[in-house]
Structure formats: structure tokens, C-alpha cells
Amino acid sequence: MIKSKLNNLINYVVYPYLFTLRAFLRSIIKVICADNYKFRLKLNIISLEIIFLTKATFYLISGKNKSTENFLNYSVTFPSYLEFVLLFCEIFGDQEYKITEKISSPTIIDCGCNWGMSSLYFKFLYPEAEITAIDANPEVLKYFRKILN
């Protein structure tokens with residue numbers, strides 16, 4: 001009984017706090033040392049990262065969860081606010097999926113699109129791009145469909 005309660009405490013309280021703290025510190029370090037600092041500053045990505053991480057910490061502490069967010073003229077729906085923040089920081093902040101080629105209208109196949117953050121990033125950078133998004137999980141695709149509407 002005690003072991004079960006301790007495991008629940010670790011899994012549902014301690015890990016999310018440590019995960020959020022790690023993400024926050026990682027983002028601050030990446031913002032300070034980023035190669036793409038001008039991109040982040042120009043598009044207010046830095047401000048959004050800090051605001052979203054602060055909100056994620058608040059939702060985590062309060063036990064609440066927000067499932068929608070508006071940013072850069074997009075309205076997104078997602079299953080977990082913490083997941084949204086981490087994907088935003090990786091995809092928009094770190095630019096993990098940046099295409100180095102100078103192409104104004106690339107054809108992009110987003111395999112494993114999840115609920116669509118990477119597709120939004122591609123559409124943001126390349127408004128004329130043709131994007132095909134694929135994911136095998138029908139549960140996350142319902143969020144992707146909400147983004148399209």
C-alpha cells in the first residue's frame with residue numbers, strides 16, 4: 001500500500017516537476033546560447049517560450065490542464081499543455097526541423113505528425129509549401145483535424 005502510494009507520488013508529482021524544471025532550464029540555456037537568437041527575438045519566440053513554460057509550471061502545480069493555445073496566428077488543441085510547450089520549444093524555438101535549402105515552396109512529408117506542431121512550423125516558415133501529414137495514431141489525429149479547421 002505504502003509502496004503503491006509512493007510510486008504514484010513519484011510518477012504523477014515528482015517526475016512532472018523535474019521534467020518541467022529540466023525543460024525550463026534547457027530552454028533558458030538554449031535561448032542564451034542559441035545560434036538562432038535573431039530568429040527567436042524577431043518573432044517573439046523567446047517571449048512565447050518563457051510564457052508557455054511559466055503557464056505549464058502553473059498548470060502543473062495547480063493540477064489543471066489547458067488543452068488549447070493561440071500563438072503566431074494559430075489556434076491549436078492538444079492533449080497535454082506540457083507536451084505542447086516542449087514541442088513548441090523544440091520545433092519553433094530550437095528549429096529542429098529547419099530546412100537549410102533556400103526553397104520558397106517545398107514539398108514536405110511530415111511522417112508521425114502527431115497533433116500537428118511540426119506541420120504548423122513548416123506552414124509558418126513556408127506558407128506556399130505542400131505538406132502531407134501522416135500519423136498512425138487516430139487519437140492524435142483528432143487534434144490535428146481541429147488545427148486544420
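Values computed for the structure shown
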{"item": "Hydrodynamic radius of region 83-146 per Kirkwood, over alpha carbon pairs, in Å", "result": "12.2 Å"}
{"item": "Listed peptides 109-118, 122-131 by packing density, highest first (mean Cβ within 10 Å)", "result": "109-118, 122-131"}
{"item": "Sites residue 109 and residue 142, calculated FRET efficiency, Cβ-Cβ separation with R0 25 Å, nearest 0.05", "result": "0.75"}
{"item": "Part-to-part distance (alpha-carbon centres) for region 95-149 and region 52-91, which is given in Å", "result": "18 Å"}
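All of the numbers you see were taken from the coordinates with simple rules; none came from a lab. Just so we're clear, the structure is a prediction, and the values are computed from it rather than from any experiment. Reconstructed Cβ throughout: ideal geometry from the backbone, glycine too, with neighbour counts over all protein chains shown.
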